[in-house]
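The values are calculated or read from the model by the stated rules, or taken from the named source; none is laboratory data. Computed from a predicted model, the values in this text were never measured in an experiment. Every residue, glycine among them, receives a Cβ derived from its backbone with ideal geometry; neighbour counts consider all protein chains shown. Please note that ligands, DNA and RNA were not included when accessible areas were found on the heavy atoms of the full protein model with its side chains. Shrake-Rupley method; radii C 1.70, N 1.55, O 1.52, S 1.80 Å.
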Amino acid sequence: MRTATTIEASAGQDAVEFAVEAERLGLDVCWVAEAWGADAPTPLGYLAARTETMLLGSGVIQVGTRSPVTIAQTAMTLAHLSGGRFLLGLGVSGPQVMEGLHGVPFGHPLGRMRETVEIVRRVFTGEKVSYAGRHYSLPLPGAKPMRVSLPPVSVPVYLATLSPKMLELTGEIADGWLGTSFIPEQAGAYLSYLDAGLARAGRSRAGLDICQGAEISLVTEAELAGTVASRKKELAFSLGGMGTATANFYNDAYSRQGWAEVAARVRDRWQAGDRNGAAALVTDDMVLATTLIGTEDMVRARLRAWREAGVDTVRLYPAGDTLPARLDTLARGIELVRAL
């Protein structure tokens, strides 16, 4: 498996210094997140100048916050600045961020994602772009089609998806999948839909990079219970606070993997304002199954399970209170992956 990580530039200079040092540790890919804090392209341009070999990806640019052509221009610019090391990660985000923060309707995410990828790839060719879709039309009536004044590029497109229909679309049109909330023993909850999309396009799993991410925290047996307990409120937020009361893709993903009843109860408690009560419902198994938290032997076994489930690239989110501590955890994680 390849190794990757994700940074979020709202953390400031430490985040980019972490990425630079990660390259020296031999990391293969660094993804840069974009949610409701820092954007992704700005730090990616900075990292393109500060790194030499590591692949750099947007993890993710949120479809709807920019026009498809702007996304393509950004990807082409970063591909040229990085010497061909850029990976374009796209996601639809959720209704709260899109409508609450950006004032953009969240409706029809499946169609908007498909059309965005189609337009982006047309722009990559360097040819004039004409497109007539349900959600996007280029050019507008009375205008002439144009091309961007950048050399053509070939940029792999990754989609961050969780719902069945979006997973099928990923298998059908993407070069890679940016996954989360993944339990290798329940991999079919994701991979069956990816495989359906692959089959529809006449493709095989070999043509899709399965890139899966989780926190890695290497602890002693004595520290394990406390570490797991400290992560429960974070997971409760994903299950109850992400999205809205009726649309939460993380909750749906956990439900498909065997925790429908507890996931629903966590959401209800969280939405009612009982954060501690929601966290108390999260079980140890829910934390351990979807993370790389544990002793070195435990994490080694989980990584082996990920590989056997079909993961190609493991995205490590290293724990640690300081930059040196996070880098030490990352280095140990990279070595564990290499030793498999």
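A cut-off under 12 angstrom between Cβ atoms defines the neighbours of Pro145, and their net charge, with Lys, Arg +1 and Asp, Glu -1, is +3. Leaving out ligands, DNA and RNA, and with a 1.4 Å probe, what % of the accessible surface on the chain is carbon or sulfur? Ligands and nucleic acids excluded, carbon and sulfur give 52 percent. Take 153-162, 33-42, 316-325 and order them by the average number of nearby Cβ atoms within 10 Å per residue, most first; the result is 153-162, 33-42, 316-325. Shape summary of segment 1-156, radius of gyration then Dmax from alpha carbon positions: 16.3, 54 Å. Cut-off under 20 Å on the C-alpha distance; same-chain residues fewer than 8 positions from Lys233 excluded. Which aspartates and glutamates are left, in chain and number order? Once the sequence-local aspartates and glutamates are set aside, what remains near Lys233 is Glu215, Glu223, Asp252, Glu261, Asp268, Asp274, Asp284, Asp285, Asp321. Report which label in (i) 21.9; (ii) 20.0; (iii) 20.8 holds the value of Kirkwood radius over Cα pairs in Å derived from the coordinates of this structure. Recomputing Kirkwood radius over Cα pairs in Å here picks out (iii). Over segment 139-179, accessible surface divided per residue gives 48 Å², non-protein components excluded, 1.4 Å probe.
Ranked by the mean number of other Cβ atoms within 10 Å per residue, highest first, peptides 140-149, 279-288, 22-31 order as 22-31, 279-288, 140-149. Seen from Gly37, the other residues with C-beta closer than 15 Å to its C-beta sum to a net charge of -4, counting Lys and Arg as +1 and Asp and Glu as -1. Bridgeable lysines around Lys128 (alpha carbons under 27 Å apart, same-chain partners fewer than 8 residues away excluded): Lys144. Rounded to the nearest 20, the Cβ-based charge dipole of the chain about its Cα centre (Lys and Arg +1, Asp and Glu -1) stands at 1120 debye.
For segment 63-200, the relative contact order comes to 23 percent (Cα pairs under 8 Å, sequence separation of at least 6).
Cβ under 14 Å from Ser238's Cβ, Ser238 left aside: what net charge do those residues give with Lys, Arg +1 and Asp, Glu -1? Local net charge: +3.
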